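Trainee: One structure is given below, represented as structure tokens, and several questions about it will come after.
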Amino acid sequence: MPKNKKKESSSSSDSDDGPTDRNPPPEKKAKTSSKTDDKEPTWVLQGKKLVKVREFKGKLYVDVREFYEKNGELLPGKKGISLTPEQWRKLLSLGDEINETISNLC
């Protein structure tokens, strides 16, 4: 028994761009500053990698995390780390030593 095949309508266009979306995704806004306008203080490291100072369960954290977009909203992903203010200060105090090590390895 032969399979039913859909007949393709012939068009005057020879384009191989594929089907045209009837509902194209909304345009993404480029962030031009390193700090975003948000309820939580936020800085953009690169792309969707952000640093936020946020409160979680009544405690303050410095959150360095990769975010993803869903339904036009930027949501925190699993990839990241939340540091207490004490851990953040410790990391900052190690900055010169870390930079020197990086310079020696490059």
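The values are calculated or read from the model by the stated rules, or taken from the named source; none is laboratory data. Because the structure is predicted, anything quoted here is derived from the model rather than measured. We place every Cβ from the backbone using ideal geometry, glycine too, and count neighbours over all the protein chains shown. Please note that ligands, DNA and RNA were not included when accessible areas were found on the heavy atoms of the full protein model with its side chains. Shrake-Rupley method; radii C 1.70, N 1.55, O 1.52, S 1.80 Å.
Trainee: Give the residues of the stretch 77-106 that are open to solvent by 100 Å² or more (accessible area, probe 1.4 Å) and within 19 Å of Lys39 (Cα to Cα), sorted by residue number.
Mentor: Looking only at the stretch 77-106, we keep the residues that are open to solvent by 100 Å² or more (accessible area, probe 1.4 Å), and these are 78-79, 86, 89-90, 92, 96-97, 100, 104-106.
If the condition is that a residue be open to solvent by 100 Å² or more (accessible area, probe 1.4 Å) and within 19 Å of Lys39 (Cα to Cα), then no residue fits.
Trainee: For the stretch 47-59, give me each residue that is exposed (fewer than 12 other Cβ atoms within 10 Å of the Cβ), part of a strand (DSSP E or B) and not aromatic (Phe, Trp, Tyr). Write out each step before concluding.
Mentor: First, the residues of the stretch 47-59 that are exposed (fewer than 12 other Cβ atoms within 10 Å of the Cβ): 47, 55-59.
Now restrict to residues that are part of a strand (DSSP E or B): 55-56, 59.
Across the stretch 47-59, the qualifying residues are Glu55, Lys59.
Trainee: If the Cβ limit is 8 Å and pairs must be 6+ apart or interchain, which residue in the stretch 88-106 that is free of Cβ contacts under 8 Å to residues at least 40 places away in the same chain pairs with which residue that is not in a helix (DSSP H, G or I)?
Mentor: Pairs that qualify, where the first residue is free of Cβ contacts under 8 Å to residues at least 40 places away in the same chain and the partner is not in a helix (DSSP H, G or I), are Trp88/Val62; Leu91/Leu83.
Trainee: Looking at this structure, is Asp63 modelled with pLDDT of 60 or more, over 14 Å from the mean Cα position of the chain (by Cα) and surrounded by 10 or more Cβ atoms within 10 Å (Cβ to Cβ)?
Mentor: Details: modelled with pLDDT of 60 or more: yes; over 14 Å from the mean Cα position of the chain (by Cα): no; surrounded by 10 or more Cβ atoms within 10 Å (Cβ to Cβ): yes.
Taking the combined requirement at face value, the residue does not satisfy it.
Trainee: May I ask you to verify whether Val62 is touching a residue at least 24 places away in the same chain (Cβ under 8 Å), β-branched (Val, Ile, Thr) and under 21 Å from Lys39 (Cα atoms)?
Mentor: yes
Trainee: Continuing with this model, one more query. Regarding Leu74, is this residue open to solvent by less than 100 Å² (accessible area, probe 1.4 Å), in contact (Cβ under 8 Å) with a residue 24 or more places away in the chain and under 14 Å from Thr42 (Cβ atoms)? It would help to see each step written out before you state the result.
Mentor: On the way: open to solvent by less than 100 Å² (accessible area, probe 1.4 Å): yes; in contact (Cβ under 8 Å) with a residue 24 or more places away in the chain: yes; under 14 Å from Thr42 (Cβ atoms): yes.
For Leu74, the condition - open to solvent by less than 100 Å² (accessible area, probe 1.4 Å), in contact (Cβ under 8 Å) with a residue 24 or more places away in the chain and under 14 Å from Thr42 (Cβ atoms) - is met.
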